[in-house]
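Asker: My questions all concern the structure below.
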Amino acid sequence: EAIHRKGLKYYVYTYKAINPLHPNYEEYFHEWGLHPRTRWMNPSKIPTARNYDADSTCANSPYTDYFVASFEKVLKESDLDGIYMDGNTKASLCANSHHGCGYRDSKGQWQGTYPIFATREMLKRLYAVTHLNKPEGIVDVHQSFCLCIPTTSFCDIIYTGEHEPFSPERLPEIRVRYARRAWGIPIETLGSTPLYLRYARRYWAYML
């Protein structure tokens with residue numbers, strides 16, 4: 001309420017993952033989870049933050065229903081102005097047959113697939129929930145190292161560049177991927193530490 005009184009907007013940080021401490025983890029993760037299993041944060045590096053450790057989920061699984069419904073509930077209860085998603089536009093490689101990912105190749109080996117269209121549908125639903133409840137709301141997505149246009153179509157703004165090296169040979173890529181003229185969506189760039197400190201001057205020059 002204090003933020004809104006100042007004429008500002010606020011929204012929450014989210015990531016497509018479920019914490020092992022979640023009460024429904026054991027019941028649902030085998031169906032929701034990304035396979036091979038991808039741990040979002042390594043608890044051994046931050047031993048005091050065990051509760052932040054989480055396993056990534058797949059957009060092709062029923063987790064999407066849970067994620068969208070949970071976000072809509074919080075948006076209404078807390079009067080949010082949108083959502084910030086970290087990496088949610090990236091369709092991660094997944095071989096979890098429990099929710100339909102993967103296939104068997106000609107040699108009989110089980111291979112993973114990239115659920116681009118399922119990821120697109122997830123973003124589309126989140127966009128609809130946000131703008132139906134808040135017409136001036138924001139769907140804000142942070143995605144470094146790639147730009148997947150089919151999924152970012154349903155974003156209001158994209159953040160990119162975090163953890164990326166701004167070396168000279170990457171200038172052509174940066175000109176294409178960081179330019180809103182090509183995609184029609186506002187693009188903001190993030191510096192990062194320690195790479196940002198190493199490339200700070202070049203980072204600012206490239207952005208200008």
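The values are calculated or read from the model by the stated rules, or taken from the named source; none is laboratory data. Because the structure is predicted, anything quoted here is derived from the model rather than measured. Glycine gets a Cβ as well: all are built from the backbone with ideal geometry, and neighbour counts include every protein chain shown. Ligands, DNA and RNA are excluded from the accessible area calculation, which covers all protein heavy atoms including side chains. Shrake-Rupley method; radii C 1.70, N 1.55, O 1.52, S 1.80 Å.
Asker: Counting helices only, and only those DSSP H runs with n ≥ 4, report the 222 nm mean residue ellipticity of the chain as the sum of -39,500 (n - 2.57) divided by its residues, in deg cm²/dmol to the nearest 500. Kindly include the intermediate steps, with their values, before the conclusion.
Answerer: On the way: 8 runs with 74 residues, N = 208.
Result for the chain, helices only: -10000 deg cm²/dmol.
Asker: Can you tell me which lysines have their Cα less than 29 Å from the Cα of Lys6? Leave out same-chain residues fewer than eight positions away.
Answerer: Cα-Cα hits under 29 Å: Lys73, Lys76, Lys134.
Asker: Whole-Hz Karplus ³J(HN,Hα) for the range 172-183, in order, using 6.51 cos²θ - 1.76 cosθ + 1.60 and θ = phi - 60°, x for Gly and Pro?
Answerer: In residue order, the calculated couplings are x, 5, 4, 4, 7, 7, 9, 9, 5, 4, 6, 10 Hz.
Asker: If you don't mind, there's one more thing I want to ask. How big is the range 87-144 by the Kirkwood estimate over distinct Cα pairs, in Å? Show your work: numbers first, answer last.
Answerer: On the way: mean 1/r = 0.0752 Å⁻¹.
About 13.3 Å, per the Kirkwood formula over Cα pairs.
Asker: If you don't mind, another one. R0 = 35 Å: FRET efficiency of Val12 with Arg201, Cβ-based, nearest 0.05?
Answerer: Numbers: r = 34 Å, r/R0 = 0.97.
After rounding to 0.05, the efficiency reads 0.55.
Asker: Okay, next question. Quick one: Debye curve from the alpha-carbon atoms of the range 55-208 only, equal weights, vacuum; give me log10 I(q)/I(0) at q = 0.18 Å⁻¹ to two decimals.
Answerer: For the range 55-208, the Cα-only Debye profile gives -1.08.
Asker: Take the chain, connect every pair of alpha-carbon atoms lying under 10 Å apart with a spring to form a Gaussian network, then pick out the residue of Ala128, Ala91, Ala182 with the largest mean-square fluctuation.
Answerer: Ala182
Asker: Report the FRET efficiency, 1/(1 + (r/R0)^6), for Phe145 and His98, where r is their Cβ-Cβ distance and R0 is 35 Å, rounded to 0.05. Display every interim value, and only then the final one.
Answerer: Values: r = 28 Å, r/R0 = 0.79.
In this case the efficiency is close to 0.80.
Asker: Quick one: which residues, 5+ away or cross-chain, put their amide H under 5 Å from the amide H of Ile157? H built at 1.01 Å from N.
Answerer: Amide H neighbours of Ile157: Val139, Val141.
Asker: Work out the charge dipole of the range 118-204 with +1 on the Cβ of Lys and Arg and -1 on the Cβ of Asp and Glu about the Cα centre, then indicate which of Ile138, His163, Trp204 is farthest towards its positive end.
Answerer: Of the candidates, Trp204 comes out farthest on the positive side.
Asker: Taking amide H positions as placed in the peptide plane 1.01 Å from N, state which residues far from Ala54 in sequence (5 or more) or on other chains have amide H under 5 Å from it.
Answerer: Amide H to amide H, under 5 Å and 5 or more residues apart or across chains, Ala54 pairs with Trp40, Met41.
Asker: Using modelled amide H (1.01 Å from N, peptide plane; none on Pro or chain starts), what sits under 5 Å from the amide H of Ala17, excluding residues fewer than 5 places away?
Answerer: When sequence neighbours closer than 5 places are left aside, the close amide H contacts are Thr57.
Asker: Name the residue, out of His22, His35, His99, whose mean-square fluctuation peaks in a Gaussian network model built on the chain with Cα pairs under 10 Å.
Answerer: Greatest mean-square fluctuation among the candidates belongs to His22.
Asker: Contour minus end-to-end for Arg5 and Tyr114, with contour as 0.36 nm per residue of separation and end-to-end as the Cα-Cα distance? Write down the numbers at each step before the final one.
Answerer: Values: separation 109, 0.36 × 109 = 39.24 nm, distance 4.32 nm.
Contour length minus the Cα-Cα distance gives 34.9 nm.
Asker: Describe numerically, in nm with one decimal, the distance between label points set 7 Å from Cα along Cα→Cβ at Glu136 and at Arg175.
Answerer: About 3.8 nm separates the two model spin labels.
Asker: Can you tell which of Glu169, Glu72, Glu121 shows the greatest fluctuation in a Gaussian network model of the chain with Cα springs below 10 Å?
Answerer: Most flexible of the set in this elastic network: Glu169.
Asker: Per residue of the range 74-82, in order, report the coupling 6.51 cos²θ - 1.76 cosθ + 1.60 (Karplus, θ = phi - 60°) as ³J(HN,Hα) in whole Hz, putting x for Gly and Pro.
Answerer: Ordered by residue, 3J(HN,Hα) equals 5, 4, 6, 5, 9, 6, 5, 10, x Hz.
Asker: Could I ask something else about it? Would you list, by chain and number, the aspartates and glutamates whose Cα falls below 19 Å from the Cα of Lys16, excluding same-chain residues fewer than 8 positions away?
Answerer: Glu26, Glu27, Glu31, Asp53, Asp55, Asp65, Glu72, Asp86, Glu121, Asp140, Asp156, Glu162
Asker: Restricting the count to DSSP beta bridges whose residues both fall in the chain, what percent are antiparallel, rounded to a multiple of 5? Working shown, then result.
Answerer: Numbers: 7 of 21 bridges.
Bridges in the chain that DSSP calls antiparallel: roughly 35 percent.
Asker: With θ taken as phi - 60° and the coefficients 6.51, -1.76 and 1.60, list the Karplus ³J(HN,Hα) couplings across the range 10-15 in order, rounded to whole Hz; mark glycine and proline as x.
Answerer: Taking θ as phi minus 60°, the curve returns 8, 8, 10, 7, 9, 8 Hz for the range 10-15.
Asker: Also: Two decimals is fine: what's Rg over Rh for the range 1-135, C-alpha atoms, Kirkwood radius as Rh?
Answerer: On the way: Rg = 16.9 Å, Rh = 16.4 Å.
Taking Rh as the inverse mean 1/r over Cα pairs, Rg/Rh reads 1.03.
Asker: Please list Leu190, Leu34 in order of solvent-accessible area, largest first, computed with a 1.4 Å probe with all protein chains present.
Answerer: Values: Leu190 45, Leu34 15 Å².
Most to least solvent-accessible, the answer reads Leu190, Leu34.
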